[in-house]
Amino acid sequence: GTPLAFPVAGLASLLIISLEMRRNNVFRQNLRRVFLHPHGFHMDLRYRRFLHTAQPLLLWLLESVTLSLIVVSILYSLRDSMTFDYYLTHFLPSQELKIDLINLVWSPTDAVLFFTAVFLGLIMLLTIMIRLVSVLFLERMDVWQAANYVIWSFAALLFILPAGAILFRLLETQDFMV
């Protein structure tokens, strides 16, 4: 049968973002500002204007889920591909790692959770790298400010969240893959 992990995770994420935008006027205004007036919004981040803690954390999770849905949808569509198997054989260092990745791809729920955690970690790693690079400049930035820069810069990923929920279905159609 078709996996339910993709539409459930995508629709749950869309529901969360729409409820939060409807409930929280400040969050809605911040999203509007980051898209319509990004320079002013990022200048506010630079001067450390108050930003509620839950907003970046929610965006961090939703951006990671969006990236996870897209990556897992692509990997799930390639699960039977001999070419995919060939590249895994050459690029993964051990056979056990390849088997673990293939088993993960065949279980979409686990794969979405795993890759969400991976992207959460990668965004945190990018935050730490930006914080370390900021040491070279006169104006210092703390970790929270660097995290706000990274997280709010990735906010454009929210536009592809609806596509992430249905991408697996599109990739499963024969007409699209030809």
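Tabulated data for the structure shown
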item	result
Expected 222 nm ellipticity per residue - DSSP helices of 4 or more, -39500 (n - 2.57), all of the chain, to 500	-25000 deg cm²/dmol
Lys/Arg +1, Asp/Glu -1 at C-beta; the stretch 1-136 dipole; positive extreme among 78, 59, 30	30
Length released on extending from residue 90 to residue 28, taking residue separation times 0.36 nm less the Cα-Cα span	17.7 nm
Segment residue 43-residue 135, extension gain: residue separation times 0.36 nm, minus the distance between their alpha carbons	31.2 nm
Inter-part distance where the stretch 106-138 and the stretch 2-80 are each reduced to a Cα centre, Å	15
Added length on full extension, which subtracts the Cα-Cα distance from 0.36 nm per residue, residue 14 to residue 99	27.3 nm
Debye, to nearest 20: dipole size of the chain, +1 on Lys, Arg Cβ, -1 on Asp, Glu Cβ	920
Anisotropy class of the chain from Cα gyration tensor, a/c 1.5 cut	oblate
Order by protection proxy (mean Cβ within 10 Å, highest first), peptides 146-156, 68-78	68-78, 146-156
Label-to-label distance, nm, for residues given as residue 122 and residue 79 (7 Å Cα→Cβ offset)	2.1
Rounded percent of accessible protein surface that carbon and sulfur make up, the chain, 1.4 Å probe	70
Between helix 25-36 and the chain: long-axis angle, C-alpha atoms, 0 to 90°, nearest 10	80
Residue-normalised accessible area of the stretch 105-178, given per residue in Å² at a 1.4 Å probe	61
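The values are calculated or read from the model by the stated rules, or taken from the named source; none is laboratory data. All values reported here derive from a predicted model rather than from experimental measurement. Using ideal geometry, Cβ is built from the backbone for each residue, glycine included, and neighbour counts are taken over all protein chains shown. Heads up: the accessible areas ignore ligands, DNA and RNA and are worked out on the full protein's heavy atoms, side chains in. Shrake-Rupley method; radii C 1.70, N 1.55, O 1.52, S 1.80 Å.
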